[in-house]
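To keep things clear, I will list the structure first and then write my remarks on it.
Please treat every number below as a calculation from the coordinates, not as lab data. Remember, predicted model here, so these are calculated numbers, not experimental data. As a convention, Cβ positions derive from the backbone with ideal geometry for all residues, glycine included, and neighbour counts pool all protein chains shown.
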């Protein structure tokens, strides 16, 4: 064997090792994907079985009784809700499908002919909304891979240290909020929070250590940083999502 062949052997072995490692990673990932797909199918099957039982129980207990149309309406309502349950089981939960189901329920409602029909439709509406909430949750897990990759890249230690820990205290959040539109002196923050001396300084330092606020100069006013402002804006958007 030539000297060049001997010299290249470690590099060739390393390349073979990398190829084997990639093959194993791909095989493991394919196995993991298959396993997760099967788990999801089992989960949805169990979930929809529970939903179907909830439909039967809800309609039985929530519909008007006695009523000459009770059995007929119950059959119609059951078909409507169980069809929605099948959509969940098969992953067919697009906005178009949901809109179509709403229109379908609206058409069924127009055929109502008794004064007490509102009672039964109230129960159907309640069951349908429960299904829609479930669909909303499932759509999160079915969101695109790019978003999932971004979420998986979150650095837990960094987020806890620089975001969650400094804002886990109500007073620190209050301080950050107050600085979103104006700067504050130490005495102004003391008046705002009701804290004095070292107690207030402790919270200010927590926010400064996380680069959420800065002090203009020694003994100067405190002001929010771009990072702090972006964070408080995200929290504002998050609260709006909760209210929606």
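Return the FRET efficiency for the residue pair residue 49, residue 116: r is the Cβ-Cβ distance, R0 is 22 Å, and the value is rounded to the nearest 0.05.
Details: r = 31 Å, r/R0 = 1.40.
E between residue 49 and residue 116, to the nearest 0.05, is 0.10.
Report the per residue volume, in Å³, of the convex hull enclosing the C-alpha atoms of segment 195-244. Numbers along the way, then the final one.
Values: hull volume 4.7 nm³, N = 50.
For segment 195-244, the hull spanned by Cα atoms encloses 93 Å³ per residue.
How far apart, in nm, are the 7 Å Cα→Cβ label points at residue 83 and residue 106?
1.6
Sorting check: for 177-186, 222-231, 153-162, which peptide has the highest mean count of neighbouring beta carbons within 10 Å, and how do the rest follow? Could you put the intermediate results ahead of the total?
Values: 177-186: 14.7, 222-231: 17.0, 153-162: 10.1.
In descending order of packing, they fall as 222-231, 177-186, 153-162.
Given a Förster radius of 45 Å and the C-beta distance between residue 153 and residue 61 as r, what FRET efficiency does 1/(1 + (r/R0)^6) yield to the nearest 0.05?
Numbers: r = 47 Å, r/R0 = 1.05.
Efficiency at R0 = 45 Å is approximately 0.45.
Exposure proxy check: 133, 74 ranked by fewest other beta carbons within 10 Å? Mind showing how you got there, number by number?
On the way: 133 10, 74 19.
Ordered from fewest to most neighbouring Cβ atoms within 10 Å, 133, 74 come out as 133, 74.
Could you calculate the contour length gain from residue 205 to residue 237, that is, 0.36 nm times the residue separation minus the distance between their Cα atoms, to one decimal place in nm? Write down the numbers at each step before the final one.
Numbers: separation 32, 0.36 × 32 = 11.52 nm, distance 2.61 nm.
Extra length from residue 205 to residue 237 when fully extended: 8.9 nm.
What ratio of Cα Rg to 2.2 N^0.38 Å holds for segment 163-209?
Details: Rg = 9.8 Å, N = 47, 2.2 N^0.38 = 9.5 Å.
In units of the 2.2 N^0.38 Å rule of thumb, it is 1.03.
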